[in-house]
Amino acid sequence: MSKYRRVMLITGAAGGIGRATVQVFSDHGWQVIGVDRAPFGDNFPEGGLFIQSDISAPDSMTAIFEQAHGFTEKLDALVNNAALQIAKPILETSVEEWDAVMASNLRSVFLSAKLAYPLFKAAGGGAIVNVSSVHAVQTSADIAAYAASKGGILALTRAMAIEFAQDNIRVNAILPGAVDTPMLRAGLGRGHVAGDDIHTRLENLARKTVSGKVGKPEEIAHAIYFLADDEQSSFMTGQAMIVDGGATARLSTE
């Protein structure tokens, strides 16, 4: 018998929030299956499984869950975290770029839920946490495809929560604000935050939040764990939890 009582799968496992989430779940005694198109490198949790694959391709998603089925008999949590961000004005965004964002950010959530369903049934239920973004509710220029995909995740989260409730599967979304990840640092180059270098831009971005800081990946990871853990959030489903340091609490006109 496995020493692990609970098993989770997370996409985007090698990135900032993903890597922190892998560690948090592992620290709580979960067996972790991580998926990312980039290599994870050293220190993936002992007893876990890392799959290097691209979730934007349906055939790859099928293969990922075939591997997962061969590795575990059940799944207690699924964290849809992987994302692609293209920072371009709408008029300069190509159809191919738009489709790439939707395939990575939105279609993958739809497919992973379908493919994970038998493993959830075997577990008698579980939790899905979809990582959306504050860009789903308040956004800025030159990031339309990303914002639209994250808004779609909110609608899909509600639909999944309704349809999966009879199977004891809870589905919630988390909306991170500015978190110090490679994606955020790359995105700061689009010019919406003043500063001649990345450190100045991060400082200026922090000043825009009520808390006066940019978030850490670990802070989002703990919030994801809260939504996934039935002992902490068993009465939550179909909800969108914003974790942004208070950025969306303040009127933009002030």
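If you go through segment 117-126 one residue at a time, do you hit one that is assigned to a helix (DSSP H, G or I), within 26 Å of Gln239 (Cβ to Cβ) and of a type in the set (Phe, Trp, Tyr)? It would help to see each step written out before you state the result.
If we filter segment 117-126 for residues that are assigned to a helix (DSSP H, G or I), which is where we start, we get 117-123.
Filter once more, keeping what is within 26 Å of Gln239 (Cβ to Cβ): 117-123.
Then drop every residue that is not of a type in the set (Phe, Trp, Tyr), which leaves 117, 120.
Scanning segment 117-126 turns up at least one residue that is assigned to a helix (DSSP H, G or I), within 26 Å of Gln239 (Cβ to Cβ) and of a type in the set (Phe, Trp, Tyr).
Pick out the one residue from Gly16, Gly12 that is in contact (Cβ under 8 Å) with a residue 24 or more places away in the chain, touching a Ser or Thr at 6+ places or on another chain (Cβ under 8 Å) and under 23 Å from Ala178 (Cα atoms).
Working: Gly12 fails: touching a Ser or Thr at 6+ places or on another chain (Cβ under 8 Å).
Answer to the check: Gly16.
Of all residues in segment 235-254, how many are more than 17 Å from Asn130 (Cα to Cα), surrounded by 11 or more Cβ atoms within 10 Å (Cβ to Cβ) and among the charged types (D, E, K, R)?
Adding up the residues that qualify gives 1.
So if I check each of Ala144, Ala136, which one is crowded, with 17+ Cβ neighbours inside 10 Å, over 20 Å from Thr11 (Cα atoms) and at pLDDT 95 or above? Quick ask: steps written out before the conclusion?
Details: Ala136 fails: over 20 Å from Thr11 (Cα atoms).
So the residue among Ala144, Ala136 that is crowded, with 17+ Cβ neighbours inside 10 Å, over 20 Å from Thr11 (Cα atoms) and at pLDDT 95 or above is Ala144.
Restricting the search to segment 77-118, which residues are farther than 17 Å from Ser53 by Cβ, among the hydroxyl-bearing types (Ser, Thr, Tyr) and either surrounded by 14 or more Cβ atoms within 10 Å (Cβ to Cβ) or in contact (Cβ under 8 Å) with a residue 12 or more places away in the chain (or both)?
Within segment 77-118, Thr93, Tyr117 meet the criteria.
Condition (residue is acidic (Asp, Glu), touching a residue at least 40 places away in the same chain (Cβ under 8 Å) and either surrounded by fewer than 20 Cβ atoms within 10 Å (Cβ to Cβ) or closer than 22 Å to Leu111 by Cα (or both)) applied to segment 19-31: is it met by at least one residue?
Step one: list which residues in segment 19-31 are acidic (Asp, Glu), which gives 27.
Filter once more, so that each one left must be touching a residue at least 40 places away in the same chain (Cβ under 8 Å): none.
Among the residues of segment 19-31, not one is acidic (Asp, Glu), touching a residue at least 40 places away in the same chain (Cβ under 8 Å) and either surrounded by fewer than 20 Cβ atoms within 10 Å (Cβ to Cβ) or closer than 22 Å to Leu111 by Cα (or both), which makes the answer no.
Exactly one condition in (1) of a type in the set (Lys, Arg); (2) in a loop (DSSP other than H, G, I, E, B); (3) within 18 Å of Arg170 (Cβ to Cβ) is false for Lys88; which is it?
In the conditions (1) of a type in the set (Lys, Arg); (2) in a loop (DSSP other than H, G, I, E, B); (3) within 18 Å of Arg170 (Cβ to Cβ), Lys88 misses (3) alone.
So which of Ala155, Ala165, Ala173, Ala159 is under 14 Å from Leu227 (Cβ atoms) and not hydroxyl-bearing (Ser, Thr, Tyr)?
On the way: Ala155 fails: under 14 Å from Leu227 (Cβ atoms); Ala165 fails: under 14 Å from Leu227 (Cβ atoms); Ala159 fails: under 14 Å from Leu227 (Cβ atoms).
Testing whether each residue is under 14 Å from Leu227 (Cβ atoms) and not hydroxyl-bearing (Ser, Thr, Tyr) leaves just Ala173.
How about segment 206-217: which of its residues are within 29 Å of Leu78 (Cβ to Cβ) and surrounded by fewer than 16 Cβ atoms within 10 Å (Cβ to Cβ)?
Filtering segment 206-217 down to residues within 29 Å of Leu78 (Cβ to Cβ) leaves 214-217.
Scanning segment 206-217 gives a single hit, Lys216.
When you scan segment 23-41, how many residues do you find that are under 22 Å from Ser53 (Cα atoms) and part of a helix (DSSP H, G or I)?
Adding up the residues that qualify gives 3.
What number of residues within segment 207-252 satisfy the criterion of being within 30 Å of Gln166 (Cα to Cα), assigned to a loop (DSSP other than H, G, I, E, B) and in contact (Cβ under 8 Å) with a residue 40 or more places away in the chain?
Kept after step one, since they are within 30 Å of Gln166 (Cα to Cα), are these residues of segment 207-252: 220-243.
This time we only want the ones that are assigned to a loop (DSSP other than H, G, I, E, B), so: 229, 234-239.
Right, trim to in contact (Cβ under 8 Å) with a residue 40 or more places away in the chain and you get 229, 234, 236-239.
Qualifying residue count, segment 207-252: 6.
Can you tell me which residues in segment 218-234 are surrounded by fewer than 16 Cβ atoms within 10 Å (Cβ to Cβ) and not charged (D, E, K, R)?
His222, Gln232, Ser234
Does any residue of segment 46-57 turn out to be of a type in the set (A, V, I, L, M), within 21 Å of Thr181 (Cβ to Cβ) and part of a loop (DSSP other than H, G, I, E, B)?
yes
Would a scan of segment 43-55 turn up a residue that is touching a Leu at 6+ places or on another chain (Cβ under 7 Å) and crowded, with 19+ Cβ neighbours inside 10 Å? Full working, then the answer.
Narrowing segment 43-55 to residues touching a Leu at 6+ places or on another chain (Cβ under 7 Å): none.
So far as segment 43-55 goes, no, none of its residues is touching a Leu at 6+ places or on another chain (Cβ under 7 Å) and crowded, with 19+ Cβ neighbours inside 10 Å.
The values are calculated or read from the model by the stated rules, or taken from the named source; none is laboratory data. This is a predicted model, so every value here is computed, not measured. No Cβ is skipped: glycine too gets one built from the backbone with ideal geometry, and neighbour counts run over all protein chains shown.
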